[in-house]
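Q: Could you have a look at this structure, given as structure tokens, before my questions?
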Amino acid sequence: MNLSVTEKIIKAHLLEGELIAGSEIALKIDQTLTQDATGTMAYLQLEATGIDKVKTEISVSYIDHNTIQMGFKNPDDHRYLRTVAAQYGVVFSPAGTGICHQLHLENFAKPGKTLIGSDSHTPTAGGLAMLAMGAGGLSVALAMAGKAYSMTMPHIIGVELKGKLQGFSAAKDIILELLHRLTVKGGVNKVFEFFGDGVTHLSVPERATITNMGAELGATCSLFPSDEQTRKFLSSMGRAQDFIPLVADENASYHEVIVINLDELQPLVACPHMPDKVMPVAELAGLAVQQVAIGSCTNSSYADLKMVALLLKDKKINPKTDLLISPGSKQVLAMLAEEGLLTHMLTAGARLLECTCGPCIGMGGSPQSASVSVRTFNRNFEARSGTLDAQVYLVSAQTAVQVALHGQFTDPNTWQGSTDKIELPASVPSIRSLFIFPEESIDTEILRGPNIVALERFSSLPETLRANITLKVGDNITTDHILPAGAEITALRSNIPAISEYIYSRVDADFVERCKKTDTGVIIGGENYGQGSSREHAALAPRYLGVQMIIAKSFARIHHANLVNFGILPLVFVNGKDYDNCQIEQELIFNSSDFVVGGEFPLSISGETVIVTSTLTEKEWKIIQAGGLLNTISL
């Protein structure tokens, strides 16, 4: 059997199931990562398992999201994460060290290994030939406890890259092209595996840009082979011993093959308010831009920022445009400083921000009201920037710096400056001494602040569920719609009762009050419900408010898993007209005895029979019946 890279990694880690697309499998997980916006809850869940130490090869707790310290909440969470890491044998990355995905790529990612992380952009490590997947915090906690990770065996899509990027075209344009072709729901339950002669010309940082933003396709993950580019990167990072060659077998088969000719690719841009609204940059020429932000886990590497610095050398940004730059890690920052490249940025008028996620999740750097912000980030959902009426566009770092210089979009054919590829030095300055490894920690007890509230377990599903429809929403509802980001709300991630007050607050201000007036609630959704961030709070907080069922036209992968984890039953309309007929406050009645695994079954809405189905496995149905995954775990 000729295997793809994906199949080789899955086969080597398979604990249950078979390599049959659509079937349920269980994998051994080698590595985990968490970040502070999701990590506090994940470690509360880890404590609830009762284990003494993590069972993975390595687990890392990164502080990169909630770094704006407005009051005690975020600092207290960071203290908790530092002390719980010491107790359980987890590596701790303090605030300001860098963004989890950039740091993991530089320091811990290994070809052929499995990784799940409580952040949807964990697939970044697929640039180093890892099977790296985003997941809810509970799934990550259980992987740390040594439990297998259950998932649906994905369809494997081959993406053949031909030729070589030309001029100012960039790796970001490759993934934007895929989003243009497939949309934000085109990758659900799929893995995108890249191959072809074009792959050999892409460095690991370029590959990581593509695998990072593959999350916006809704993909399980994306990955590249481990080849000479991989070896060069790991050697540069002082980790030559971690290299193994890993490529697809000759004549490996794929569910589908997509071909992209890099010679013909031009600079692209994703327009508001969705990453798949893609068009050529040239078509926006003349559109004034008030803010440019360069960084995030998508485009904050040394290669990205050295290119930016060289293009800014001896130039000034447009006086009507703000330029914000966030290096991905202190390693990147140190390299830029050693080469004098920060001076080019600063004298051009750029603002240098901390090595964190920052503006990407609305943590500072919000645009002006009713303005245009051009960002190298991966998401441009409405209001995610922190400014409700801002128009956010997503571009490559190459495009972003040109926009900052001109103060507007311009035709790439008029751009000036070098397009030479930036190569990593043979060796780079290590920042591993900044991590706190378990054996180095002096912490002897877990410290909790008053904002950290113990995890609640939920009751089992009743035989007959009677509930009221408390909300109806449309297509492509993101987890940002369900639970907004930003400094004020994100600081409450360790306090479910408090953060629940903000569920759907920017969509329907009366939602929470309606939930409080009924014992049990149901949400009605459209296509691709729950896309975007892996934040399990978008499932956990509605469950706290009494929501026990969501009926939608389709679901995003990670959110569907999070709903199951917390005992919310996700169902799918068979007939689109039934969605049209649903209204807030209608009564729903569901009998558990009617449920059919993998089949259709009825329920009642306002006395009318509605036929629904689900993609739940037998195991997931049992989790729902038990009231959530924690209620089923025995270690």
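Coordinate-derived values only; no laboratory data. None of the values given here were measured: they were computed from a predicted structure. Please note: Cβ atoms are built from the backbone with ideal geometry, for glycine as well, and neighbour counts cover all protein chains shown.
Q: Take every Cα pair under 8 Å in the stretch 464-632 that's 6+ residues apart, average their separations, divide by the length, and report that relative contact order as a whole percent.
A: 24
Q: If you don't mind, another one. If the reach is capped at under 24 angstrom between alpha carbons, list the lysines near Lys517, excluding any in the same chain fewer than eight residues apart.
A: Result set, ordered by chain and number: Lys472.
Q: How long is the stretch 5-264 along each principal axis, judged by its Cα atoms, biggest number first, in Å?
A: 52, 42, 37
Q: Assign unit charges at the C-beta atoms only (+1 for Lys and Arg, -1 for Asp and Glu), then state the dipole size of the chain relative to its Cα centre in Debye, rounded to the nearest 20.
A: 840
Q: Moving on to the next point. Mind checking which aspartates and glutamates have their Cα closer than 13 Å to the Cα of Lys53? Skip sequence neighbours fewer than 8 apart in that chain.
A: Glu439
Q: Any idea how far the Cα center of the stretch 167-237 sits from the one of the stretch 559-600, in Å?
A: If you average the Cα positions of each part, the centres end up 35 Å apart.
Q: What whole-number distance in Å separates the alpha-carbon centres of the stretch 283-344 and the stretch 104-156?
A: Answer, in whole Å: 30.
Q: In the stretch 292-382, which trypsin sites (Lys or Arg not before Pro) are in a loop and have at most 16 other Cβ atoms within 10 Å, using DSSP for the loop call?
A: Within the stretch 292-382, the qualifying trypsin sites (Lys or Arg not before Pro) (loop, at most 16 other Cβ atoms within 10 Å) are Lys313, Lys315, Lys316, Lys320.
Q: With no solvent and one equal point scatterer placed on each C-alpha of the stretch 268-411, evaluate the Debye formula and give log10 I(q)/I(0) for q = 0.21 Å⁻¹, two decimals.
A: -1.30
Q: If the cut-off is 25 Å between C-alpha atoms, which lysines fall inside it for Lys55, apart from same-chain ones fewer than 8 positions away?
A: Lys8, Lys11, Lys28, Lys110, Lys113, Lys147, Lys619
Q: Working out 0.36 nm times the residue gap between Lys421 and Ser592, then minus their Cα-Cα distance, what length gain in nm do you get to one decimal?
A: Between Lys421 and Ser592, full extension yields 55.6 nm more.
Q: Once Rh is set to the Kirkwood radius over Cα pairs, what Stokes-Einstein translational diffusion coefficient, in µm²/s, holds for the chain at a temperature of 37 °C and a viscosity of 0.692 mPa s?
A: Diffusion coefficient, whole number: 133 µm²/s.
Q: Positive end of the dipole of the stretch 464-632, charges at C-beta (+1 Lys, Arg; -1 Asp, Glu), about the Cα centre: which of Ile496, Ile624, Ser592 has its Cα farthest in that direction?
A: Of Ile496, Ile624, Ser592, it is Ile496.
Q: Once the piece of chain linking Glu57 and Ser433 is laid out straight, how much longer is it, given 0.36 nm per residue of separation minus the C-alpha distance between them?
A: So the chain would gain 133.4 nm between Glu57 and Ser433.
Q: Select from Val564, Ile477, Ala552 the residue farthest towards the positive end of the dipole of the stretch 464-632; place +1 on Cβ of Lys and Arg, -1 on Cβ of Asp and Glu, and compute about the Cα centre.
A: Highest projection toward the positive end goes to Val564.
Q: Given a cut-off of under 8 Å on Cα pairs at least six residues apart, what relative contact order in percent is computed for the chain?
A: The value is 15 percent.
Q: Taking the alpha-carbon set of the stretch 464-632, what are its Rg and Dmax in Å?
A: So, for the stretch 464-632, Rg and Dmax equal 14.8, 44 Å respectively.
Q: Go ahead and run the numbers for FRET between Glu618 and Asp314, Cβ-Cβ distance against an R0 of 56 Å, rounding to 0.05.
A: 0.30
Q: Of all GluC sites (Glu not before Pro) in the stretch 447-510, which ones are in loop regions per DSSP and have a Cβ with at most 14 other Cβ atoms within 10 Å?
A: For GluC sites (Glu not before Pro) across the stretch 447-510 that sit outside H, G, I, E and B with at most 14 neighbouring Cβ atoms in 10 Å, the list reads Glu456, Glu463.
Q: How high is the FRET efficiency from Glu501 to Arg181, r the C-beta distance, R0 45 Å, rounded to 0.05?
A: Efficiency computed from Cβ-Cβ geometry: 0.65.
Q: How about the stretch 520-611: which GluC sites (Glu not before Pro) there lie in a loop by DSSP and see at most 16 other Cβ atoms within 10 Å?
A: Answer by residue number: Glu585, Glu600.
Q: Report the extension gain between Gln368 and Thr520 in nm, rounded to one decimal, defined as 0.36 nm multiplied by the number of residues separating them, less their alpha carbon distance.
A: Extra length available between Gln368 and Thr520 comes to 50.7 nm.
Q: Would you calculate the separation in nanometres between label points at Glu18 and Arg351, each defined as 7 Å from the Cα along the Cα-to-beta-carbon direction?
A: The modelled label-to-label distance comes out at 5.8 nm.
Q: Taking R0 as 45 Å, what FRET efficiency do you get between Ala288 and Asp510 from their Cβ-Cβ distance, rounded to the nearest 0.05?
A: 0.75
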